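Just below is one structure, and these are the notes that go with it.
The values are calculated or read from the model by the stated rules, or taken from the named source; none is laboratory data. The structure displayed is predicted, hence computed values, not measured ones. Every residue, glycine among them, receives a Cβ derived from its backbone with ideal geometry; neighbour counts consider all protein chains shown.
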Amino acid sequence: MAEELLIDTVGAVRVLTLNRPDRLNALSPALLGALNEAFAALTGDDAVRAVLLTGAGRGFCAGADLLQGLAAASKPDLGAMIDAQYNPLVRKMRGCPKPIVCAVNGVAAGAGMNLALAGDVIIAAKSANFTQAFVRIGLLPDAGGTYFLPRLVGEGRARALAMLGETISAEQALEYGLVWRLFEDEAFATEALTLATNLAAKPAQSLAAMKRAFNASAGNGLDAQLDLERDLQRELGYSADFAEGVKAFLEKRPAVFTGKVG
Ligand code: T3D
């Protein structure tokens, strides 16, 4: 049987490809398990400096696999599944110190859409589309949907997207601020890898600190956030990459960041 998650390393980029194309990369328990393992393995791997998450075939991810377990069981405990797989995955993505590019190559539905929103830089192919499909099967957005959506698109659009379950195009997703940039389908895979490679060359500790600050900002007031910025900036001020950045500026040359601590 083919691996449900393909794991490659291209330079300093870990490329994770959801690989169930005949099911539009719907999230089976095995695929969720593999994603959790893959993100857990990233934390201590200094050679990897960016992550690219994308899908094989014409879809990005159709959300929970409705053919395996979930739909078959009578009165399933969906909360248990969420506790075991979805929530740990979203937490790992948000807690991952490395930048995550979610490259939405095709349809992103239900938890598949919200998985994309858990990334740091979300891009889409022009033919991609997005739907909070949950309402069609009597559920509510999970995998962080009710957290990410209002913050990205505002309360009004978030509620409408969730309650109506309509499909929106990549152009609409861009207009709403769900995605950073769109690319032509033919060039999408190359552009996605170029973007991730670009992030991998940036100062790793700087990006990790940004992730911590942005994660905290949703729950912090201005005072707490200012204090956090100070603390994180203090740490960055001691980093080799900060010294290199300033030196390179003074020497009028591009900086070469190593991501090394100290
Ligand atoms: O505990 C828990 O797991 C709870 C967590 C829930 C989280 C959720 O994500 S709930 C939402 C689950 N997802 C959906 O409800 C979306 C279901 N899929 C669709 O609505 C449509 O497939 C799409 C809008 C995504 C795409 O439509 P279209 O017309 O482009 O493709 P299609 O023909 O519907 O699908 C192609 C194949 O993929 C098809 O198989 P077939 O007929 O060729 O053998 C279809 O059955 C399969 N597929 C699509 N989505 C899923 C799926 N198979 C399993 N699970 C799916 N979610």
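Select from segment 205-262 the residues that are among the aromatic types (Phe, Trp, Tyr) and part of a helix (DSSP H, G or I) and list them in ascending order.
The answer is PHE214, PHE242, PHE249.
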Quiz prompt | Whichever residue in segment 133-147 is within 14 Å of the ligand (Cβ to nearest atom) and assigned to a helix (DSSP H, G or I) and, among such residues, is nearest to LEU117 (Cα to Cα) | solution = GLY145
Quiz item: Quick check: is even one residue across segment 171-184 touching a residue at least 40 places away in the same chain (Cβ under 8 Å), more than 14 Å from the chain's Cα centre (by Cα), surrounded by 20 or more Cβ atoms within 10 Å (Cβ to Cβ) and in a strand (DSSP E or B)?
Solution: yes
Exercise. Considering only residues that are within 13 Å of the ligand (Cβ to nearest atom) and over 20 Å from LEU31 (Cα atoms), look in segment 110-131 and name the one that is farthest from the chain's Cα centre (by Cα).
Key: SER127
Exercise. Filter segment 71-102 down to residues that are without any contact (Cβ under 8 Å) to a residue 60 or more places away in the chain, crowded, with 16+ Cβ neighbours inside 10 Å and among the aliphatic types (A, V, I, L, M), then give me how many there are.
Key: 5
Quiz item: Are any residues in segment 235-255 within 26 Å of ASP45 (Cβ to Cβ) and surrounded by fewer than 11 Cβ atoms within 10 Å (Cβ to Cβ), and if so, which ones?
Solution: GLY237, PRO254
Quiz prompt | strands (runs of 3 or more DSSP E) within segment 22-109 that include 1 or more residues within 13 Å of the ligand (Cβ to nearest atom) and in contact with a Ser or Thr (Cβ under 6 Å, 6 or more places away or on another chain) | solution = 107-109
Exercise. Report the residue count in segment 164-178 for those that are acidic (Asp, Glu) and more than 22 Å from ILE137 (Cβ to Cβ).
Key: 2
Self-check item: First in segment 207-225 and assigned by TED's automatic domain parsing to the domain that holds VAL48, second anywhere and loosely packed, with under 12 Cβ neighbours inside 10 Å and among the hydrophobic types (A, V, I, L, M, F, W, C), Cβ under 7 Å, 6 or more apart
Solution: none
Exercise. Kindly provide the set of residues from segment 185-217 that are more than 17 Å from GLY44 (Cα to Cα), among the small types (Gly, Ala, Ser) and surrounded by 14 or more Cβ atoms within 10 Å (Cβ to Cβ), ordered by number.
Key: ALA189, ALA192, ALA196, ALA201, ALA213, ALA216, SER217
